[in-house]
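Trainee: Pasting a structure here, questions to come.
The values are calculated or read from the model by the stated rules, or taken from the named source; none is laboratory data. These numbers were taken from a predicted model, which means no experiment stands behind them. Note: ideal-geometry Cβ built from the backbone for every residue, glycine included; neighbour counts use all protein chains shown. SASA here: full protein model, heavy atoms, side chains in, ligands and nucleic acids out. Shrake-Rupley method; radii C 1.70, N 1.55, O 1.52, S 1.80 Å.
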Amino acid sequence: GTGVYFAPAREFNRGRSAQLYRVPVKGGLPEKQMTTRVYRGRFDASGRRFAYNQISPAYDALYGGFFGWRAYRGGRTPSISIMDMKAKTEVRIPGDGVNDLEPMWVGDQVYFLSDRDKGTLNLFHFDPASKAVTKVSNETVWDIRAAYAYNRTIIFEAGGRLKTLDTASGAVSEIPVSIHPDLPQTRPQLKDASAMIQGFDLSPSGKRVAVTARGEVFTVPVDEGSTRDLTNTDGAREYSALWSPDGGRIAYVDAAKAVQELVLP
């Protein structure tokens, strides 16, 4: 509680890393704590040991960026180091060519996020005494994008859901969050699709046109007749509708599933 630490890039000409500075709460000039590069990190409760990343990850979307190279394995895969600020010694958490992020302290133990197992960011535990690394969460679909330790509990977010990890028992529980906003934009409503036409194809007879708009496939008369919605699938996208040469069928691409499919009705 006597100082504020921050990591400015005042001595670097690029924004991927910085250095650790401290300014006293009672006032005074900032003092550089060490020459090594620092991106972000956390102190233990004593303020003596500092766990940190030297560089930012290429998975920039984790920190508000606009791109995300998930499971990146190139030159920007940050490791975690633990600096003893008094003894001037350093221990590095084992792991090369993987993204180790967000170190946090629970007592004298370090927990962190890593994609070292199958490319999904999960919580891991590092014991500074034994140097052992243990996986303590098992998210298989969504990355854990944020985590924070409070006492013996770690709260984290994965797939838009909040969960807690009891570090003593290893139990993971979801925090139920129920929000009931009005959200009028999610209610069923009529929309004018004519302003969002994505493609069209004239039938071989020249009497109707296959039109894709707002993710639906329609046929529209050239002169007289009714407009027909051939797919009528809310929440799914179809596009690139084409007539068959004999005019009997319309093929289109269905993007409703993980893999897009060509549909031939």
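Trainee: Solvent-accessible area of ILE197, probe 1.4 Å, all protein chains present, reported in Å² to the nearest ten, please.
Mentor: Number for this one is 90 Å².
Trainee: Given contacts defined as C-alpha pairs under 8 Å and at least six residues apart, what's the relative contact order of the stretch 1-68, whole-number percent? Let's see the in-between values first.
Mentor: Values: 112 pairs, mean separation 15.0, N = 68.
Dividing the mean separation by the residue count of the stretch 1-68 yields 22 percent.
Trainee: Take each of the peptides 107-113, 224-230, average the number of other beta-carbon atoms within 10 Å over its residues, and list them starting from the highest.
Mentor: Working: 107-113: 18.9, 224-230: 11.0.
Put in order of decreasing packing, that is 107-113, 224-230.
Trainee: Please report, as a whole percent, how much of the solvent-accessible surface of the chain comes from carbon and sulfur atoms (probe radius 1.4 Å). Mind dumping the intermediate values first?
Mentor: On the way: 8410 of 16080 Å².
On the chain, the fraction of accessible area on carbon and sulfur atoms equals 52 percent.
Trainee: State the label only: which of (i) 2.13; (ii) 1.13; (iii) 1.49 corresponds to Cα Rg over 2.2 N^0.38 Å computed from the shown model?
Mentor: Calculated Cα Rg over 2.2 N^0.38 Å: the matching label is (iii).
Trainee: Moving on. Rounded if a/c is under 1.5, else prolate if a/b is larger than b/c, else oblate: which is the stretch 220-265, with a ≥ b ≥ c the root eigenvalues of its Cα gyration tensor?
Mentor: Oblate shape, in that a/c is at least 1.5 and b/c is the bigger or equal ratio.
Trainee: So, in nm, how far is label THR35 from label TRP142 when the simple model puts each one 7 Å beyond its Cα toward the Cβ?
Mentor: For THR35 paired with TRP142, the spin-label model returns 4.5 nm.
Trainee: Give the relative contact order (percent, whole number) for the stretch 93-165; include only Cα pairs under 8 Å separated by 6+ residues. Let's see the in-between values first.
Mentor: Working: 146 pairs, mean separation 16.3, N = 73.
So the answer I get is 22 percent.
Trainee: Given a 1.4 Å probe, how much area per residue of the chain is accessible, in Å²? Before the final figure, lay out each step's value.
Mentor: Numbers: 16080 Å² over 265 residues.
Accessible area per residue: 61 Å².
Trainee: Considering only C-alpha atoms, what is the centroid distance from the stretch 1-51 to the stretch 168-190, in Å?
Mentor: Rounded to whole Å, the Cα centres lie 38 Å apart.
Trainee: Reachable aspartates and glutamates from LYS118, Cα under 17 Å, same-chain residues fewer than 8 places away excluded?
Mentor: Filter leaves ASP96, ASP100, GLU139, ASP143.
Trainee: Hey, another quick one. Roughly how much of SER81 is accessible, in Å² to the nearest 10, using a 1.4 Å probe?
Mentor: The value for SER81 is about 10 Å².
Trainee: Related question: Along the Cα→Cβ direction, 7 angstrom out, place labels at THR164 and ALA236. What is the inter-label distance in nm?
Mentor: Each label point lies 7 Å from its Cα, and together they span 4.1 nm.
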